[in-house]
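This report concerns only the one structure given below.
None of the figures in this text is laboratory data; all of them are computed from the coordinates on show. Since the structure is predicted, the reported quantities are computational estimates derived from the model, not experimental observations. Counting neighbours? That spans all protein chains shown, and the Cβs are built from the backbone with ideal geometry, glycine included.
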Amino acid sequence: MIFSIVEENLKNMGYSVTIFEKTCEAVKYLDFQIDNKTVGFGGSMTLEQMGLYETLKSHNTVFWHQRIPEGKTSKEVRLEANNANIYVSSVNGLAETGEIINIDGNCNRIASIFYGHEKVYLIVGENKIEKNYESALYRARNIAAPLNAKRVGAETPCAVKGDKCYDCKSPERICRGFSVLWGKPMTGEFEVILIHEKLGY
């Protein structure tokens, strides 16, 4: 029932929406949809868990700073991802009402989601969906961000205690940029992939 509500609201905001029961079905779909393209990936445990990079790179050129080729720097790979035909990312929170929320450290991910690609795919596991904007924002700040800070080994209060955002001023703070999509941007195609499984943070 929740997915049908989210789907309707997202479509009313201009997004394409595709729903899958299983992650493997979504991977197969994206493998068919994205062919012979340059593809940028945002930092994402969802994409990591899906194994999507390994699937797509066999017939696309995929740029992901979580898979840095020899002789390249993280910065170079991020810039190539930002200039790719297709961009693929997850989100930190999705409200049933349709607002899409992300928090970022380098801000390459939120910048790329907003503008510059032929098409953007946003992949969302059922654990990312919240009742409304306020609860989706709370989730992004107090659940996703601390888990991501801990994952990258940041010495921030949220990573150490793992319970909430402390709005810290730590030099290792990963919450540097915040974005909300109130609706589909005017340029480019956007497709939200909803999966009936828990994925990422």
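Within a straight-line Cα-Cα reach of under 18 Å, Lys169 can be paired with the following aspartates and glutamates, leaving aside sequence neighbours fewer than 8 residues apart in one chain: Asp104, Glu155. Note on the chain: with a GNM built from Cα contacts shorter than 10 Å, the maximum mean-square fluctuation among Val124, Val152, Val17 falls on Val152. Dipole check for region 71-122: with +1 at the C-beta of Lys and Arg, -1 at the C-beta of Asp and Glu, and the Cα centre as origin, the magnitude is about 240 Debye.
Look at where the Cα atoms of region 114-159 and of region 1-31 average out, and the two centres are 18 Å apart. Dipole magnitude for the chain: about 580 debye, using +1 per Lys or Arg Cβ and -1 per Asp or Glu Cβ, origin at the Cα centre. Between Lys72, Lys184, Lys28, the Gaussian network model of the chain with springs among Cα atoms under 10 angstrom shows the greatest mean-square fluctuation at Lys72.
Longer than 22 Å from Cα to Cα, which of Lys57/Lys184; Lys119/Lys198; Lys131/Lys164; Lys128/Lys150; Lys75/Lys184; Lys164/Lys198 are they? Say none if no pair is. Correct reply: Lys57/Lys184; Lys119/Lys198; Lys75/Lys184. Between the listed residues Leu137, Val88, Gly116, the Cα displaced farthest toward the positive end of the dipole of the chain, a dipole computed from Cβ unit charges relative to the Cα centre, is found at Leu137. When only the Cβ of Lys, Arg, Asp and Glu is charged (+1, +1, -1, -1), the dipole of region 1-92 relative to its Cα centre reaches about 240 debye.
Sparse packing (at most 13 other Cβ atoms within 10 Å of the Cβ) combined with a DSSP loop state is found for the following GluC sites (Glu not before Pro) in region 1-35: Glu21.
Here is how the number arises for the chain: DSSP H runs of 4 or more residues each give -39500 (n - 2.57), the sum is divided by the residue count, and the result at 222 nm is -9000 deg cm²/dmol.
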